[in-house]
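K.L.:
Please see the structure below; I have some questions.
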Amino acid sequence: MSIKLSEVLAAIRGRTPSLEVRNTVGDPLIGDVVSDSRQVGEGTLFCCIRGERSDGHDYAAEARERGALALLCERDPGVGLPAIVVPSVRDVMGDAAAAVYDRPAEKLLMVGVTGTNGKTTTTYVLRSILQAAGIRTGLLGTIVESDGAVERDATRTTPESCVVQRRLADMVRNRCAACVMETSSHGLTLGRLLGASYDVPIFTNLNPEHLDFHKEMEDYFQAKRLLFTRYVKPGFLGAANGDDPYGRRLLEEAPEHLRGFSMAAEDTFARVSRWSTSLKGTEMRVEMRGLSPLDLMSPLSGEFNVWNVLCAVTALRGRVSDEAIVRGVALTPQVPGRLERYVLPNGACCFVDFAHTPAALKSLLTTVRALTKGRVISVFGHGGGRYPLNRPALGRVAGELADHVIVTMDNPRDEDPAKIAGEIEAGIAEVRDGASHEVILDRGEAVRRGLERLSGGDVLTVSGKGPERYLERCGKRTPYNDAETVQAWLRA
């Protein structure tokens, strides 16, 4: 569909205190909203975003050549197109796109998941439950995007707001009735969710990460908190982790709108009363206040997947039948890069996982230790330009919980990978009588070395990158994938 430029103006006037329109000629029909000049087509509103590395205003002339009919900008770039001049393009772009795409979030059951760990797997469980209930469900996340008809690799956890609105419109067009979405702290802070609001906001947990962006934990929490204050529909009902101190704060702020879930406490709405896990999956009983218990079988292994299932079930119980919950949990597919299992001919196992924080690595290694009587070998690194205090902390965790550690490269970006490895080694060295270790900076070689060391009953964890398909160093991305490296070694 298309709407008049004047209707776009009406949609954003309430969002910004000052707005100026220049070079108006008629009232053109706008059918698309983009912030990437390469995606401009006929009838497009081009949004000039100023980023760290480029300024969209510099591409206004190119956008006009490609068929843009108007600009949303912070200064008139002088290319002769109608220009809506606002103080911040990001603050209004989502509302403009929502208007052009006929407000798709209002037509979908919107489920948003935020937190440090568990977002991706939780969205997979949520989608499986909804689809088991006969509800066609789109997905926006770290690994893939699905509009109900086509599934594609994701480019970032939370895209720009105009992209989010376009994806939601695609879901509506493809007869989806729900959308499950990861909502990153960056996306929440930068307004990438503007134009969307959520029926079911969910909080998993909060651990130190992205403090290069947020500076301190309170700022990080306040970014996550936006999902429950700025981006919710009236009467929303979500879920929050009652065993996490930040989740407790959310529950105390909105007790009528959030259900607490817990692995231990008895004062939350939902809790796990018993569970067991193995390489084949997990069995668990979930008890909820005033409701009958649910006995569930998940194909996902590990204690942290008990958390993920509990989170999803708490959020959706009552919106779908209990039968759909049981069936959806049982049918949850393997999540790429999330405890992704490979069995070696000698009976050893390799797990590829995204764990890249000390808490996540501890959870991963504790999980696999409980699943095997053999040795645990850990391969990991740490990204450049990220929270540096995590490096010795990662080393301490691996030194305590693994039998052997191979320190390697993980997207060093503009930092020296040897320096990063040395900071991890320092943490390993703090653990008295801890794991033996070696440094192999070539990540593919490190993974192969770990696989070669495995005997029957041993477990190798390759963590940090999960499903990523590149190594980023000095501004360049080289194709690489942990799972493909393991598969190639198995074939050879």
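The values are calculated or read from the model by the stated rules, or taken from the named source; none is laboratory data. Keep in mind the model is a prediction, meaning the values are calculated, not measured. So basically every Cβ, Gly included, is an ideal-geometry build from the backbone, and we count neighbours across all protein chains shown. We work out accessible area using only protein heavy atoms, side chains counted, and drop any ligands, DNA or RNA first. Shrake-Rupley method; radii C 1.70, N 1.55, O 1.52, S 1.80 Å.
K.L.:
For TYR387, indicate whether it is open to solvent by 10 Å² or more (accessible area, probe 1.4 Å), touching a strand residue (DSSP E or B) at 6+ places or on another chain (Cβ under 8 Å), on the phi < 0 side of the Ramachandran plot and hydroxyl-bearing (Ser, Thr, Tyr).
P.N.:
Values: open to solvent by 10 Å² or more (accessible area, probe 1.4 Å): yes; touching a strand residue (DSSP E or B) at 6+ places or on another chain (Cβ under 8 Å): no; on the phi < 0 side of the Ramachandran plot: yes; hydroxyl-bearing (Ser, Thr, Tyr): yes.
Against the criterion (open to solvent by 10 Å² or more (accessible area, probe 1.4 Å), touching a strand residue (DSSP E or B) at 6+ places or on another chain (Cβ under 8 Å), on the phi < 0 side of the Ramachandran plot and hydroxyl-bearing (Ser, Thr, Tyr)), TYR387 does not qualify.
K.L.:
Given (1) touching a residue at least 60 places away in the same chain (Cβ under 8 Å); (2) within 30 Å of PRO345 (Cα to Cα); (3) in contact with a strand residue (DSSP E or B) (Cβ under 6 Å, 6 or more places away or on another chain), identify the lone condition not met by GLU472.
P.N.:
The number of the failed condition is (2).
K.L.:
A follow-up question, please. If the requirement is being within 22 Å of TYR220 (Cβ to Cβ), in contact with a Ser or Thr (Cβ under 6 Å, 6 or more places away or on another chain) and assigned to a helix (DSSP H, G or I), which of these qualifies: THR158, THR120, THR142? Quick ask: steps written out before the conclusion?
P.N.:
Values: THR158 fails: assigned to a helix (DSSP H, G or I); THR142 fails: assigned to a helix (DSSP H, G or I).
None of the others qualify; the one that does is THR120.
K.L.:
A follow-up question, please. From GLY466, GLY457, grab the single residue that is closer than 30 Å to THR155 by Cα, modelled with pLDDT under 95 and in a loop (DSSP other than H, G, I, E, B). Steps first, please.
P.N.:
Details: GLY457 fails: closer than 30 Å to THR155 by Cα.
None of the others qualify; the one that does is GLY466.
K.L.:
Check PRO412, PRO467, PRO392 and return the single one that is open to solvent by 20 Å² or more (accessible area, probe 1.4 Å) and either among the polar types (S, T, N, Q) or in contact (Cβ under 8 Å) with a residue 60 or more places away in the chain (or both). Spell out how you get there, then give the answer.
P.N.:
On the way: PRO412 fails: open to solvent by 20 Å² or more (accessible area, probe 1.4 Å); PRO392 fails: either among the polar types (S, T, N, Q) or in contact (Cβ under 8 Å) with a residue 60 or more places away in the chain (or both).
After ruling out the rest, the residue left standing is PRO467.
K.L.:
Among what's in segment 289-312 and is of a type in the set (A, V, I, L, M, F, W, C), touching a residue at least 60 places away in the same chain (Cβ under 8 Å) and within 17 Å of ALA264 (Cβ to Cβ), pick the residue that is surrounded by the fewest Cβ atoms within 10 Å (Cβ to Cβ). Break it down into steps so the answer makes sense when it comes.
P.N.:
Restricting attention to segment 289-312, the residues satisfying the condition of being of a type in the set (A, V, I, L, M, F, W, C) are 291, 294, 296-297, 300, 304, 306-307, 309-312.
From what is left, the residues that are touching a residue at least 60 places away in the same chain (Cβ under 8 Å) are 300, 304, 307, 309, 311-312.
Next, from what is left, pick out any that are within 17 Å of ALA264 (Cβ to Cβ): 304, 307, 309, 311.
Values: PHE304: 25, TRP307: 23, VAL309: 27, CYS311: 27.
Going through the qualifying residues, I end up with TRP307.
K.L.:
Considering segment 242-288 alone, what residues qualify as being open to solvent by 70 Å² or more (accessible area, probe 1.4 Å), over 27 Å from CYS349 (Cβ atoms), more than 23 Å from the chain's Cα centre (by Cα) and modelled with pLDDT of 95 or more?
P.N.:
GLU252, GLU253, PRO255, GLU256
K.L.:
State yes or no: is LEU29 open to solvent by 10 Å² or more (accessible area, probe 1.4 Å), more than 30 Å from ALA240 (Cα to Cα) and either modelled with pLDDT of 95 or more or not small (Gly, Ala, Ser) (or both)? So that I can check it myself, show each step before the final result.
P.N.:
Numbers: open to solvent by 10 Å² or more (accessible area, probe 1.4 Å): yes; more than 30 Å from ALA240 (Cα to Cα): yes; either modelled with pLDDT of 95 or more or not small (Gly, Ala, Ser) (or both): yes.
For LEU29, the condition - open to solvent by 10 Å² or more (accessible area, probe 1.4 Å), more than 30 Å from ALA240 (Cα to Cα) and either modelled with pLDDT of 95 or more or not small (Gly, Ala, Ser) (or both) - is met.
K.L.:
To continue, here is another question. What's the total number of residues in segment 31-77 that are free of Cβ contacts under 8 Å to residues at least 12 places away in the same chain, assigned to a loop (DSSP other than H, G, I, E, B) and not charged (D, E, K, R)?
P.N.:
Residues meeting the conditions: 2.
K.L.:
If I filter segment 443-454 for residues that are buried (at least 21 other Cβ atoms within 10 Å of the Cβ), assigned to a helix (DSSP H, G or I), touching an Asp or Glu at 6+ places or on another chain (Cβ under 7 Å) and modelled with pLDDT under 95, do I get at least one hit?
P.N.:
So far as segment 443-454 goes, no, none of its residues is buried (at least 21 other Cβ atoms within 10 Å of the Cβ), assigned to a helix (DSSP H, G or I), touching an Asp or Glu at 6+ places or on another chain (Cβ under 7 Å) and modelled with pLDDT under 95.
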